[in-house]
Amino acid sequence: MRLTRFVPVAAVAAASGLVAGALPAAAAPERPHVTVKDGRTQPTFSFQDAIRQQVYVETDVDSDNDGKKDRVAVFVTRPKETDGGLKVASIIEGSPYYAGLQDPPYHPADVTDYPRLSPWTPPTEPPAPTSYARMYYDNYFVSRGYAVLAADTLGTGNSDGCPTAIGPNEVNGMKKVILWLTGKAKAYDASGNEIKAGWSTGNVAMAGKSYDGTLPLATAGTGVAGLKTVVSVSGVANWYDYYRANGGVVAPDGYEGEDLDLHAKAVLSRKNPQVCAPEIHDIEKKMDRVTGDYNATWDVRNFSKKVKDFKASVFMTGGLADWNVKPSEMSLLWNSLRKTDLNRKLWLHQAAHDDPLDVRQTAWLDALNLWFAHELYGVKNDIMRQPKVDIERTPGTWETYREWPSPSARPVSLGFATGADGASGVLGKHGKGKAGFVDAPARTAEDLVTDEAKADPNRLLYVTPALKQPVKFSGTANIKVRASVDGRSPYLSAVLVDYGTDTRPSGFASTQDRWCYGDSIPTDQGCRAVRKYSFATTPYKIVTRGWTDIRNRKSIWYQSPVTPGKSYDFSWNLVPEDYVFKAGHRIGVMIVATDHAYTLRYPAGTKVQVNLGQSDITLPLTSNITG
């Protein structure tokens, strides 16, 4: 076993007799240090006795227009030994959630004339007390020689400014917190006294889940010095792909009617929230819920395009069943990172919008310990020699890969052909003629795919024969449709289905059992309910889906008119996935207009006619299910 100690420079000098009046080396008292064993920092510091302090970091922006630079409230927890010469690395969790959420009205998902916004006024109730009890595994990492910082994003909690769904002002706030830790920005206490981070090594990580996992990506895009690594759990790489798809307004799962402005409204928990009304109304206008087009408001929140400016390594995770922050966000960022020489690692699990701590508890903390030790303290361990990608193939069963998507996956084009009278179509070879359906926006995708043997007037469905061997789908499917559209709905949607009765994971629920990590402390902090997969036997599973606005067939930046009854070529991607179709199962593709749970719902009756001979879907498939 190899044991390493990180000792402050002053301690080294004293021990070697280089400081005048220093004690002989044998008599020199041992100075506080971070201890490393087997490539991991060890729990040698007391979390209960840690120093806790509130500081306010000054930014370069004045987003609430009060004539003063906004300040970010930061709550610091660090080993008490840092007041005695110990210098430690830092882990920041920036978040808008420390003071809870507001409940703004959702926008209508049903459209009668054009997409409308719900009226909104700033909250008048006093904000909830700010609590930093949910910091990033603080009792685990503080005891192992890190400072853990909770930073209220602008417009939330104890910070100044206005929330903007990770607009430039929020990014500047996080950047300044990092610069404070490197000695290049200023912070103050509540009395206005300047506070310096003399205990900081200047090596910083950002980490968190969802919004808290998106802020690290946005901040890394600034190229700020000192940010060595980011851990993004279910982070958003591009806000446009979260709330839009190919020109169409598309909601995250379970949040129909939410949009970019709702995220800012929901986290507006600062004092005097009414000062942020102009900023939020500006987001309402510029996000353009009417056309759904890409514009400058979305472009500045496209963090994947800024990967070229990253100096930080990236450890990212995502849920293959996450339809809130969809796998497209993970795929977009991962593909961008592949073009760099940055250290990177990816975990994909079978759960939804869940923390990997719940999915793979001990292994996740151990991986983080190795990762942070390597990236923040320069420890030579084997984390970078491990495979880049871990995938949970079935609940509790993990596989490792050198890359994702699977390098052995190849594009397979499958055409659409008419089935027998009264039956669904056949997926495989290109057919002849046309097939049509009438949009029924009140019907869900789950309802429409249920009876795959029969034709249905409200969708087109094409199914392969039973598979002779398992086939792995790894990557992004693309569908091409030549069709005419006549009616109010501007959407075309595609749904990929696995037909075959099987026992599948149906959720991820808490049990009465408890699991704890980190130091034992008087409170329940660091303990959480054990979460386990639940299962159900079902005749099919929706694997993935994708959407397009037919008016944006040329570009997501602008719309082109569509003549009713005239045929056009439409092409769009489905959300990326990694999935194994078992032998004996069948692959199905359903084409509809409205996808009830995701797209806006225009009046029923839109008619779609598809030219089968000029339409197909391309799937990234491999029969090598282990590669």
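The values are calculated or read from the model by the stated rules, or taken from the named source; none is laboratory data. None of these values were measured; they are calculated from a predicted model. Here Cβ is always computed from backbone atoms with ideal geometry, including for glycine, and neighbour counts include all displayed protein chains. The protein model used for the area step is the full one, side chains on, heavy atoms only, and it has no ligands, DNA or RNA in it. Shrake-Rupley method; radii C 1.70, N 1.55, O 1.52, S 1.80 Å.
Taking the Kirkwood radius as the inverse of the mean 1/r across Cα pairs, report the Rg/Rh of the stretch 265-351.
Looking at the stretch 265-351, the ratio lands at 1.06.
Go from 0 up to the bin containing the longest alpha carbon distance in the chain, width 10 Å each, and give me the % of pairs per bin.
Per 10 Å bin, starting at zero, the Cα-Cα P(r) for the chain comes out as 3, 15, 24, 24, 17, 10, 4, 1, 1, 0 percent.
What does the charge count near Ala185 come to, summing +1 for each Lys or Arg and -1 for each Asp or Glu among other residues with Cβ under 14 Å from its Cβ?
Charge balance near Ala185 sits at +3.
Calculate how large, on average over all directions, the projected area of the Cα convex hull of the stretch 180-255 is; give the answer in nm² to one decimal.
For the stretch 180-255, the mean projected area of the Cα convex hull comes to 7.5 nm².
What is the antiparallel percent of DSSP beta bridges lying wholly in the chain, to the nearest 5?
For the chain, the DSSP antiparallel bridge percentage is about 75.
For the chain, with every protein chain kept in place, what is the accessible area per residue (1.4 Å probe, Å²)?
Accessible area per residue, the chain: 40 Å².
Can you tell me the dipole magnitude for the chain around its Cα centre, using point charges on the Cβ only (Lys, Arg +1; Asp, Glu -1), in Debye to the nearest 20?
1860 debye
Once Rh for the stretch 536-624 is found with the Kirkwood sum over Cα pairs, what is the Stokes-Einstein diffusion coefficient at 25 °C and 0.890 mPa s, in µm²/s?
153 µm²/s
On the Cα set of the stretch 349-472, report Rg and Dmax in Å, please.
Here Rg and the maximum Cα pair distance are 22.5, 68 Å.
Quick one: which of Lys454/Lys541; Lys265/Lys305; Lys305/Lys472; Lys176/Lys196; Lys432/Lys454; Lys271/Lys311 span more than 24 angstrom between C-alpha atoms?
Checking Cα-Cα distances, Lys265/Lys305; Lys305/Lys472; Lys271/Lys311 exceed 24 Å.
Return the Rg/Rh value of the stretch 79-216, two decimal places, where both radii are evaluated on C-alpha atoms and Rh is the Kirkwood radius.
1.07
Helix 361-377 versus the longest principal axis of the chain: what angle, 0 to 90°, nearest 10, using Cα atoms?
Approximately 60 degrees, to the nearest ten.
First obtain the Kirkwood hydrodynamic radius of the stretch 132-284 from its Cα pairs, then insert it into the Stokes-Einstein equation at 10 °C and 1.306 mPa s, and state the resulting D in µm² per second as a whole number.
The calculation lands on 94 µm²/s.
Output the 0 to 90 degree angle, nearest 10, between the alpha-carbon long axis of helix 277-286 and the longest principal axis computed from the alpha carbons of the chain.
Roughly 40 degrees between the two axes.
If you average the sequence gap of Cα pairs under 8 Å that are 6 or more apart and divide by the length of the chain, what percent do you get for the contact order?
15 percent
Per residue of the chain, what 222 nm ellipticity follows from adding -39500 (n - 2.57) for every DSSP H run with n ≥ 4, rounded to the nearest 500?
Helix contribution divided over all residues of the chain: -4000 deg cm²/dmol.
Which is farthest toward the positive dipole end of the stretch 501-556 among Gly518, Thr544, Ser555, measuring Cα position about the Cα centre, with Cβ charges +1 (Lys, Arg) and -1 (Asp, Glu)?
Of the listed residues, the answer is Ser555.
For the stretch 469-616, what mean projected area does the convex hull of the alpha carbons give, in nm²?
With every direction weighted equally, the projected area is 14.1 nm².
Averaged over every viewing direction, what's the projected area of the C-alpha convex hull for the stretch 398-551? Give it in nm², one decimal, please.
Mean orientational projected area (the stretch 398-551, Cα hull): 14.8 nm².
What base-10 log of the normalised intensity I(q)/I(0) is obtained for the stretch 76-118 from the Debye formula, alpha carbons as equal point scatterers, at q = 0.19, 0.26 Å⁻¹?
With no solvent term, the Cα-only Debye profile gives -0.78, -0.94.
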